[in-house]
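These notes concern the structure reproduced below.
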Amino acid sequence: MSEPTDRRYGPATLPGERGPLSAAVVEALRRPPHDLPADLGVDLDPVDPITDEDLQLTLFLCYELHYRGWLGVHESWEWQPTLLALRARCERVFEAALRRLVGAPSVPAAGVAAGLAELIAADDGPSLAATLQRRAGLAQFREFVVHRSVYHLREADPHSWALPRLGGPAKAALVEIQTDEYGNGRLDRMHAELFRRTLDRLGLDTGYGAHVDVAPAVTLATNNLMSLFGLHRRLRGALLGHLAAFEMTSSLPNRRYGNGLRRLGFDEVATRFYDEHVEADAVHEQIAAHDMCGGLVRVEPALAPDVLFGAAAGLAVDRLFAAHLLDSWAAGRSSLRTPAPPALPPTVSLVVAASAAVSPSQAVTA
Ligand SMILES: [Fe+2]
Ligand SMILES: [Fe+2]
């Protein structure tokens, strides 16, 4: 096991337990790889798997072993058979809940791209983006960024798992999208790095996985969904559908997020991540629906329902996420498991990039 030299890039610190199942997994991961007890299922029938803290954290703990791993956790845990078996049991519960949530989408005669457009047109969730643009205070915006950091600091990684599973037009289209997500190979343009600067400008910890511990189940579920689709070849259609829904619903909300930060007095370093997505995703939207999902279904027509399932599941879990934030704020509560910490000073390297801007400490106290 090697120690990281730079915690910006992971691995993250193991989060605290949230119930008997995650407690057993956290405890096991702290030790060298070994077989888990056979009866370690405890409650695998939660009332609502998507918002169950113990189940979602357990899935997240297992999935992270396939990304950057956990600090101090032996790398061989990634393929430990009894842990994989436990993950599979959790996944069956999670996937069944997702399928109950969205039903079986029917593919319109006009094709999968039209089906995606219909799903998005029917998406009537609460507008988190409008709230962040017009009304949210700084504390609420910081919470939103903390939630999203779980994904944005590894932006695009889950969908990259589709690459070796595809050939032909869908692969070419996915590569075109991912190339932009990864900044065309330029570190300073990688979307994850742009987001790191947003975190920094808001005085938040920029370390990979730094905010997992305070992210509630529904936030982990938005991530676990991508990992579930990404790690199972049989769900490659759902993975592409998820990415398409993401890209097709990104441009306008990102404009609003950027405008919300500007309203709060932040500069272009803070808003760049969002501004970048306004135009990029207007282009990605077309590539994702027509070239990527359309291209996949031309080669593998049987995957069309999966594409729409993945899109519908992504939209539905995101609606739950938005409702959680808005309901928490309406009730005067934090939407995090513990409120976001006070602002940190910006890091030196990022200060250089932002020398002409409002400092986060000025903005935070404004
Ligand atoms: Fe992006
Ligand atoms: Fe994009």
Revision key, fill the gap. Among helices (runs of 4 or more DSSP H) entirely inside region 66-177, those with 3 or more residues being without any contact (Cβ under 8 Å) to a residue 60 or more places away in the chain, in contact with a Cys (Cβ under 9 Å, 6 or more places away or on another chain) and of a type in the set (S, T, N, Q) are none
**Study point:** Residue under evaluation M190, criteria (1) in contact with a strand residue (DSSP E or B) (Cβ under 7 Å, 6 or more places away or on another chain); (2) free of Cβ contacts under 8 Å to residues at least 60 places away in the same chain, criterion not met
**Key:** (1)
Check your understanding: Would you pick out the residues in region 136-150 that are within 15 Å of ligand 1 (Cβ to nearest atom) and open to solvent by 20 Å² or more (accessible area, probe 1.4 Å)?
Key -> R148
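Here is a yes/no grid of residues against (1) within 26 Å of G295 (Cα to Cα); (2) of a type in the set (A, V, I, L, M, F, W, C); (3) surrounded by 14 or more Cβ atoms within 10 Å (Cβ to Cβ); (4) more than 11 Å from ligand 1 (Cβ to nearest atom):
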position	(1), (2), (3), (4)
A162	yes, yes, yes, yes
G167	yes, no, no, yes
D180	yes, no, yes, no
A192	no, yes, yes, no
F195	no, yes, yes, no
Review point. So which residues in region 239-261 are within 14 Å of ligand 1 (Cβ to nearest atom) and among the polar types (S, T, N, Q)?
Key: T249, S250, S251, N254
Review point. Which residues, taken from region 262-294, are within 14 Å of ligand 1 (Cβ to nearest atom), farther than 14 Å from L194 by Cβ and open to solvent by less than 60 Å² (accessible area, probe 1.4 Å)?
Key: A282, H284, E285, I287, A288
Review point. Is there a residue in region 247-261 that is within 28 Å of R87 (Cβ to Cβ) and open to solvent by 10 Å² or more (accessible area, probe 1.4 Å)?
Key: no
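The values are calculated or read from the model by the stated rules, or taken from the named source; none is laboratory data. Bear in mind the structure is a predicted one, so any value in this text is a computation, not a measurement. As a convention, Cβ positions derive from the backbone with ideal geometry for all residues, glycine included, and neighbour counts pool all protein chains shown. Side chains are part of the model used for accessible areas, which takes the heavy atoms of the whole protein and leaves out ligands, DNA and RNA. Shrake-Rupley method; radii C 1.70, N 1.55, O 1.52, S 1.80 Å.
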